[in-house]
Amino acid sequence: MAIKIAVMNQKGGVGKSSVVHCLTDKLRGKGRVLVLDLDQQNNQQTLLNMRDNVSKEASAAGILMNGFDPKKCIIPVSKNVDLIHSGGRTIENFDRFSKDDSEKISTQLKRAMHDIENEYDFILMDSSPTMTLIHQNIVCYADFLLIPCDMDILSFSATRSIMHFIGALNSKVPWSKAEILGILPVRYDKRRNVDDLVMTDLLSLEENELLGGAKVFSPISDSANMKTTQVRRKFISEAFPKSRISDDFDRVVSQILEEIPKRTPKVPGAVLAKGEARAWN
Ligand SMILES: Nc1ncnc2c1ncn2[C@@H]1O[C@H](COP(=O)(O)OP(=O)(O)OP(=O)(O)O)[C@@H](O)[C@H]1O
Ligand SMILES: [Mg+2]
């Protein structure tokens with residue numbers, strides 16, 4: 001069974017899609033990765049350079065709303081990397097036309113994806129900068145949530161809000177299984193005083209019980225290489241293998257893979273057992 005990690009923050013532009021793309025890069029050497037884009041902006045399709053000859057219907061939107069078989073929505077990208085694109089703006093209709101947030105609606109993604117989980121080691125989900133029924137589905141499906149936070153007070157505030165949102169879901173919604181894996185500071189520059197102030201505030205959140213023992217991972221640098229990599233439609237380890245930002249993601253992936261097995265109470269045994277048998281520990 002795959003380890004399912006959703007990258008979420010309702011604040012726009014904090015680096016969610018870039019983080020998903022770089023984690024895909026760093027995890028593809030450790031196992032099979034499925035990138036599941038649940039954001040109408042469909043950025044993973046662009047970042048993975050998969051815009052041509054792609055069926056609009058065979059998408060996350062099709063899976064959620066039209067009962068499409070996820071196996072038929074898979075786009076092979078490269079060795080160990082597959083994509084299910086979001087379907088663009090049509091995915092918003094799931095939120096618009098769903099009548100309630102019942103268990104049936106909130107676990108639609110989980111039920112639909114069940115059959116293909118065994119084919120992957122990691123499922124990485126990108127999400128939109130809002131909080132909708134799609135996010136409720138993500139929270140019911142993902143094993144872990146990773147929250148990227150940019151180096152400013154508004155991103156910090158959004159990070160706190162998402163912790164409250166997850167806390168409220170966990171206490172009110174019995175079928176929610178959300179667990180915050182950690183906060184990932186992004187676009188960090190140690191030369192900027194404000195970045196250290198935000199980092200101090202972020203680290204203080206580790207004491208907050210809403211974080212449930214999750215940690216603040218080591219920061220990802222503010223780097224022009226990120227944008228250049230994306231324009232070239234490459235992975236960071238292809239475009240800038242010896243860069244600071246590539247090293248940052250290596251470090252964070254090691255921390256993530258160390259962290260996951262520690263989460264024994266909520267992680268299904270099967271995930272741990274299989275994970276331990278693999279080389280990523
Ligand atoms: N570490 C970084 N250094 C420099 N630029 C970055 C970094 N991470 C992301 N960016 C840039 O910041 C911008 C926003 O990033 P991204 O689109 O990944 O954010 P997002 O949270 O997915 O946005 P949205 O909320 O619209 O989905 C992009 O131009 C991206 O190239
Ligand atoms: Mg995005």
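Only the coordinates and a few stated rules stand behind these numbers; no lab work does. Fair warning: this is a prediction, and the values are worked out from it, not measured in the lab. Virtual Cβ from ideal backbone geometry, glycine too; neighbours counted across all protein chains shown.
Among residues other than ASN66 whose Cβ falls under 12 Å from its Cβ, what is the net charge (Lys/Arg +1, Asp/Glu -1)?
After counting each charged neighbour, the total is 0.
Quick one: net charge around GLN230, please, counting Lys, Arg +1 and Asp, Glu -1 for every other residue with C-beta under 13 Å from its C-beta. Present the calculation step by step, with values, prior to reporting the outcome.
Details: positive: LYS227, ARG232, ARG233, LYS234; negative: ASP25, GLU238.
Surrounding charge for GLN230 is +2.
Roughly speaking, what is the centre-to-centre gap between the range 63-121 and the range 176-202 when only Cα atoms are used, to the nearest Å?
Each part reduced to its Cα centre gives a spacing of 30 Å.
In percent, how large is the relative contact order of the range 96-146, given Cα pairs closer than 8 Å and 6 or more residues apart?
Once normalised by length, the contact order is 53 percent.
Quick check for me: using +1 on Lys/Arg Cβ and -1 on Asp/Glu Cβ, what's the dipole size of the range 27-138 about its Cα centre, in debye to the nearest 20?
It works out to roughly 200 debye.
Within the set LYS79/LYS177; LYS72/LYS99; LYS30/LYS242; LYS110/LYS234; LYS4/LYS26; LYS190/LYS242, which residue pairs have Cα atoms separated by over 23 Å?
Pairs exceeding the cut-off: LYS79/LYS177; LYS72/LYS99; LYS110/LYS234.
Based only on other Cβ atoms within 10 Å, what is the fewest-to-most ordering of GLU179, GLU206?
By the 10 Å Cβ count, ascending, the order reads GLU206, GLU179.
Please arrange SER171, SER254, SER86, SER223 by counting, for each residue, the other beta carbons lying within 10 Å of its beta carbon, fewest first.
The order, fewest Cβ neighbours first, is SER171, SER254, SER223, SER86.
Taking K and R as +1 and D and E as -1, what net charge do the other residues with C-beta under 14 Å from the C-beta of LYS104 add up to?
Numbers: positive: LYS99, LYS110, ARG111; negative: ASP100, ASP101, GLU103.
Combined, the nearby Lys, Arg, Asp and Glu give 0.
Starting with the fewest neighbours, write out VAL252, VAL77 ranked by other beta-carbon atoms found within 10 Å of each beta-carbon.
Listed from fewest to most nearby Cβ atoms, that is VAL77, VAL252.
Subtract the Cα-Cα distance of THR228 and ASP201 from 0.36 nm times their separation in residues, and report this length gain in nm to one decimal. Numbers along the way, then the final one.
Numbers: separation 27, 0.36 × 27 = 9.72 nm, distance 3.02 nm.
6.7 nm is the gain from fully extending THR228 to ASP201.
With only alpha-carbon atoms counted, please give the Rg and Dmax of the chain, in Å.
Calculated on Cα positions, Rg and Dmax stand at 17.6, 50 Å.
Note down the relative contact order for the chain as a percent, whole number, built from C-alpha pairs under 8 angstrom at least six residues apart.
Numbers: 493 pairs, mean separation 66.6, N = 281.
Relative contact order here is 24 percent.
Taking amide H atoms as placed 1.01 Å from N in the peptide plane, list the residues 5 or more away in sequence, or in a different chain, whose amide H sits under 5 Å from that of PHE68.
The answer is ILE63.
Return the percentage of antiparallel bridges among DSSP beta bridges fully within the range 3-274, rounded to the nearest 5 %.
10 percent
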